[in-house]
1. Out of all the residues in the range 126-136, is one or more part of a strand (DSSP E or B) and over 19 Å from residue 233 (Cα atoms)?
2. Within the range 83-119, track down each residue that is surrounded by 12 or more Cβ atoms within 10 Å (Cβ to Cβ) and on the phi > 0 side of the Ramachandran plot.
3. Would you check if residue 188 is under 23 Å from residue 231 (Cβ atoms) and exposed (fewer than 15 other Cβ atoms within 10 Å of the Cβ)?
4. Looking only at residues that are in a loop (DSSP other than H, G, I, E, B) and touching a strand residue (DSSP E or B) at 6+ places or on another chain (Cβ under 7 Å) in the range 288-302, which one is modelled with the lowest pLDDT?
5. Taking the range 307-323 on its own, how many of its residues are part of a loop (DSSP other than H, G, I, E, B) and modelled with pLDDT of 85 or more?
6. Name the pairs: first residue in the range 70-87 and within 18 Å of residue 122 (Cα to Cα), second residue part of a loop (DSSP other than H, G, I, E, B) and modelled with pLDDT under 95, Cβ to Cβ under 6 Å, at least 6 apart or on different chains?
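The values are calculated or read from the model by the stated rules, or taken from the named source; none is laboratory data. Just so it is clear, the model here is predicted, and its values are computed rather than measured. So basically every Cβ, Gly included, is an ideal-geometry build from the backbone, and we count neighbours across all protein chains shown.
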């Protein structure tokens, strides 16, 4: 054995052999890194494809690809026994976990732009960072037609124009697939401070739905969304229940038709006040020259229709024409 080692070892440790071995190891390492990168790219592409579908399908696919669940079999609706919040003023409703605190409404604080804040908390009596829950901020759509400019999207660099800022993704929320925006801002975004929320405009108002959680730590670039997905999965079930009552509106044609009908309707005249016939012994008869015409002397005749400025008895109205023909 020693003879074999002495015979072959010197040849193996020659420079060209070591160089070849190093190249093999380097190629193997590069191949492994490329394989990992390709796998990550494939996962990214799959996420983008799933994202083109309606929101709930996207999130389910996101969970599956992220390895956050192993049970992909259809499950009962988790929101079936949840509480329901409804606002008659804003015509919006959504569900939230039954063991949570009741929703609390509050007006805007000084310096804030929203009209109302609706807070949903798992526990505690006040919404705050570190308390699991979410807030719905309501804005006037006339002033804020989208998330830009609202209190929930803070500008990081005023020198960067909004036209150069990254656009927000278009998604759908709720069973009726309402069009919405996903504000998923990472730490390295040049325009906005890091945040994650949904924004949609309906019935004259803009609604920003902002999740809160009990604290997290994650090194991913889109940390906010990843953390919410892992630590607060109920949030996606909440937004899936979002619903709006449709505002009944009349078309221009309907309004015009009613206006024309109202204008064309003849005024109701009772003929109970005004001038009366000056002839005490009036003898009603048809005119030989005028034909059908409106009464001129407040004395009823069979070929006349009533004059609105005259007063007639029921007997006098009975012999007169109903109106011009």
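1. no
2. 91
3. It is true that residue 188 is under 23 Å from residue 231 (Cβ atoms) and exposed (fewer than 15 other Cβ atoms within 10 Å of the Cβ).
4. Kept after step one, since they are in a loop (DSSP other than H, G, I, E, B), are these residues of the range 288-302: 288-292, 295-302.
In the following step, the residues that additionally are touching a strand residue (DSSP E or B) at 6+ places or on another chain (Cβ under 7 Å) were identified as 295, 298.
Numbers: 295: 83, 298: 86.
My answer is 295.
5. First, the residues of the range 307-323 that are part of a loop (DSSP other than H, G, I, E, B): 307-309, 311-313, 320-323.
Pick out the ones that are also modelled with pLDDT of 85 or more and you get none.
Here the count works out to 0.
6. These pairs meet every condition: 79/241; 81/98; 82/97; 82/98; 83/98; 85/103.
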